[in-house]
1. Using DSSP loop states and a limit of at most 15 other Cβ atoms within 10 Å to flag GluC sites (Glu not before Pro), what is the longest stretch of the chain containing no flagged site?
2. Looking at the stretch 199-244, which trypsin sites (Lys or Arg not before Pro) are in a loop (DSSP not H, G, I, E or B) and have at most 15 other Cβ atoms within 10 Å?
3. How much length is gained if the chain between Ala42 and Asn130 is pulled fully straight, taking 0.36 nm per residue apart and subtracting their Cα-Cα distance, in nm to one decimal?
4. Out of the stretch 11-58, which trypsin sites (Lys or Arg not before Pro) are coil in DSSP terms and have no more than 15 other C-beta atoms within 10 Å?
5. So how strong a dipole does the chain carry about its Cα centre when Lys and Arg Cβ are +1 and Asp and Glu Cβ are -1, to the nearest 20 debye?
6. Taking Rh as the Kirkwood radius, which is the inverse of the mean 1/r over Cα pairs, what is the Rg/Rh value for the stretch 182-226?
7. I want the local charge near Glu240. Using Cβ-Cβ distances under 14 Å, sum +1 for each Lys or Arg and -1 for each Asp or Glu among the other residues.
8. Rounded to the nearest Å, what's the spacing between the alpha carbon centres of the stretch 121-199 and the stretch 45-78? Just the number, please.
Amino acid sequence: MPIGERGGVERFLEDVIVRHDPDRVKPAVLAFAAGGWLAELAARGVTVYCLEGMHMRQPWRVFRKVDEILKKEQIDMVHSAYSWCHGLSSPAAVWNGCKRIWFHHGPMSSSTWQGAMPLFPADLVLVNSNFLGQMLKRTLYVAKKTAVMPYGIEASRLQPDSARRAAFRKQWGLGEQDVAVGIVGFIDHWKGQDVFLEAVRNLRDRAPRLRAFVVGGPRGGVVAEVCQQFQDKLKNFVKEHGLENVVAFTGHVDVREGALDGLDIFVHASTQPEPFGMVILEAMAKGKAIIASAAGGPCEILTDGADGILTPPSQPEALAESIQKLLSDATLREALGRNAQLRVASHFSAEAAARRLEQHYAEIMQ
């Protein structure tokens, strides 16, 4: 893992790692940055290592440290969650005769060049959606086999929580008649927070009880400065259009700590096709009425009109109309939320994901 904090990929992996059959899989997690997620994994009994500050410019140093861990833990297979980690761990994995799996979580541009990391050979490359699998075929990578591995979550840990809902709504001064609409995730230029705010501006005069929330903060790492600038742009937009009493920025909030509970409508507005959309599964588990961009992974998760509403990406007018539809129809909101809960429980369980991953492991080892 490249980071030690919890993003969508980390939330998926945590639910799967702790469900592995101990007679078949003994997981150990290696990250290249410290963080609270690693500490939580360790508290749940998972073996954790952190090689903070190491990078590709120190190939010998990285090789020695990874080699030491592989030998100590008697690792048979290295499962890399990102292409960068795949490149860092591959030399030591080859040296130790380990099988190699690279899980490509996306995103992926339309370019055929994704950098050198995917060119490190893998026994198996996994993708999280059929959409990403089709995108992968257009790029350069080296793998003996590819497979689609949809995410799964432990829905029971994300049941609607009335106490957290009440706390969130009290914190932000929401009345009983106010309808809370939120976009949740890292603030990044392709996540569509600007499209969401444009839709809110469009609705301001038509929906006096609307309250909008941008839940999340700028993404870190090499794109941190650009994402911070994008957040500043979003806040300036709110100020310029007099939306301060309508829109709130919550900063980083763990999805388990009440932000999803407090919302009535969940919006996913990515302007580029989302590879999958882990936070969509979490909103489904919470029983939220969901509006999502009709591109990429969300089209494989939701059925338009049955358990969510799909809208064209990068079209704030269309997004505003979908929000307006749900604002004016509480019965529809409740029906979509119920159906979403049923679908995530039946199609995207963490238990099923763990068994599928174990099957992939077994096939590669054979």
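1. So the longest stretch without any such site is 53-175.
2. Of the trypsin sites (Lys or Arg not before Pro), the ones in loops of the stretch 199-244 whose Cβ has at most 15 other Cβ atoms within 10 Å are Arg206, Arg209.
3. 28.4 nm
4. Taking the stretch 11-58 and a limit of 15 other Cβ atoms within 10 Å, the loop trypsin sites (Lys or Arg not before Pro) found are Arg24, Arg44, Arg57.
5. 500
6. Taking Rg over the Kirkwood Rh, I get 1.08.
7. Charge balance in the 14 Å sphere: +1.
8. Centre-to-centre distance over Cα atoms comes out at 29 Å.
Only the coordinates and a few stated rules stand behind these numbers; no lab work does. Computed from a predicted model, the values in this text were never measured in an experiment. No Cβ is skipped: glycine too gets one built from the backbone with ideal geometry, and neighbour counts run over all protein chains shown.
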